[in-house]
């Protein structure tokens with residue numbers, strides 16, 4: 001990949017209204033970041049907005065320089081160092097910023113997540129489970145949050161652990177984990193999707209959770225409230241076809257309700273490391289796909305997807321509303337070819353008129 005193409009790809013994902021799904025669609029449609037940037041103004045105009053606000057060359061160059069100064073680097077989704085597990089999920093991050101040893105992503109990975117206000121016994125179990133997993137050559141993935149996440153990382157420090165954060169690579173959150181985060185970045189692997197300097201905003205945590213679930217062959221939940229971020233991670237894992245596991249707890253402890261709910265819904269009950277290994281299958285090299293680039297899609301011009309007449313375009317737009325609906329349902333109800341409908345949705349997203357949700361659903365803004 002040339003420096004100019006890397007610059008164009010970073011500019012594309014840092015452009016307003018270009019999210020992971022639309023970034024991948026643009027890359028598939030036009031074949032390169034440079035060609036996608038050239039096409040962006042026309043797509044935004046067709047989506048009903050005015051001038052496209054494309055991230056400048058200076059913005060991308062400053063980010064590349066800042067990341068390098070921090071001892072980190074960018075990895076794009078079709079580069080060999082990128083996790084083959086993560087590459088498979090819907091809306092995989094187009095680019096991640098990493099510090100540390102990416103070879104850890106080429107081993108079997110298990111995520112351990114749970115309550116921030118976890119009990120002492122839950123933290124002890126998380127530490128021991130993580131230590132047992134890394135002793136079996138499994139990489140432990142978690143989110144560097146208080147409670148269970150912290151305990152899991154500490155337990156795995158003697159082997160391999162990956163920390164995924166909701167902020168920029170240069171910001172530690174929570175502050176008391178600054179030393180742990182730095183140790184992981186130095187000796188293990190730290191991953192951020194947001195650019196340097198980004199604060200850990202609430203909307204960034206679901207995005208972080210999808211990365212945790214996407215990296216792992218399975219996710220273990222240890223104490224979680226029914227509406228917690230840990231359950232979001234577990235449900236994402238299930239959506240990705242990965243194993244969902246949970247540690248049972250007392251019905252009298254509110255922190256156990258989420259795990260007990262997952263088990264009732266079909267998650268594997270976990271009590272020992274052997275339970276985890278049995279659930280995710282044999283730990284050998286066959287579990288880990290060889291690093292490979294994403295399939296190269298042939299360049300596609302805008303009109304090659306099947307142009308729509310104005311009344312046909314309206315038939316797609318009229319099906320949208322504030323309630324999220326599956327893209328497949330829009331395609332079915334519109335009666336139009338799928339590539340043409342996807343093109344209209346792409347134009348609307350780039351114009352800031354629709355929003356994408358988990359499960360390939362969309363709604364108007």
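The values are calculated or read from the model by the stated rules, or taken from the named source; none is laboratory data. The structure presented is a predicted model; accordingly, all values stated were derived computationally and were not measured. Positions of Cβ are backbone-derived with ideal geometry, glycine not excepted, and every protein chain shown enters the neighbour counts.
Here residue 151 passes the criteria (1) under 30 Å from residue 356 (Cα atoms); (2) crowded, with 24+ Cβ neighbours inside 10 Å except the one numbered (1).
Which residue out of 256, 267 is crowded, with 22+ Cβ neighbours inside 10 Å, without any contact (Cβ under 8 Å) to a residue 60 or more places away in the chain, outside the structural domain of residue 15 (by TED's automatic domain parsing) and touching a helix residue (DSSP H, G or I) at 6+ places or on another chain (Cβ under 8 Å)? On inspection, the qualifying residue turns out to be 267. Selection of region 150-174 for residues being without any contact (Cβ under 8 Å) to a residue 40 or more places away in the chain and within 22 Å of residue 69 (Cβ to Cβ) yields 163, 167, 171, 172, 173. Within the span defined as region 127-139, every residue fails to be under 21 Å from residue 205 (Cα atoms), touching a strand residue (DSSP E or B) at 6+ places or on another chain (Cβ under 6 Å) and assigned by TED's automatic domain parsing to the domain that holds residue 160.
Within region 219-250, the set of residues being surrounded by fewer than 17 Cβ atoms within 10 Å (Cβ to Cβ), touching a helix residue (DSSP H, G or I) at 6+ places or on another chain (Cβ under 7 Å) and farther than 20 Å from residue 129 by Cβ comprises 226 only. Residues that are surrounded by fewer than 16 Cβ atoms within 10 Å (Cβ to Cβ) and either over 16 Å from residue 23 (Cα atoms) or under 26 Å from the mean Cα position of the chain (by Cα) (or both) within region 40-58 comprise 45, 48, 50, 51, 53, 56, 57, 58, listed in sequence order. Filtering region 237-265 to residues that are in contact with a strand residue (DSSP E or B) (Cβ under 8 Å, 6 or more places away or on another chain) and not in a strand (DSSP E or B) leaves 237, 238, 242, 248, 258, 259, 260, 262, 263. Summed over region 324-337, residues that are under 15 Å from residue 313 (Cβ atoms) and either touching a residue at least 40 places away in the same chain (Cβ under 8 Å) or outside any loop (DSSP other than H, G, I, E, B) (or both) total 4.
The set of residues in region 120-146 being farther than 17 Å from residue 188 by Cβ, free of Cβ contacts under 8 Å to residues at least 60 places away in the same chain and more than 22 Å from the chain's Cα centre (by Cα) consists of 120, 121, 123, 124, 128.
Among the helices (runs of 4 or more DSSP H) confined to region 1-107, the ones with at least 1 residues that are over 23 Å from residue 204 (Cα atoms) and not assigned by TED's automatic domain parsing to the domain that holds residue 215 are located at 3-13, 20-30, 33-46, 57-69.
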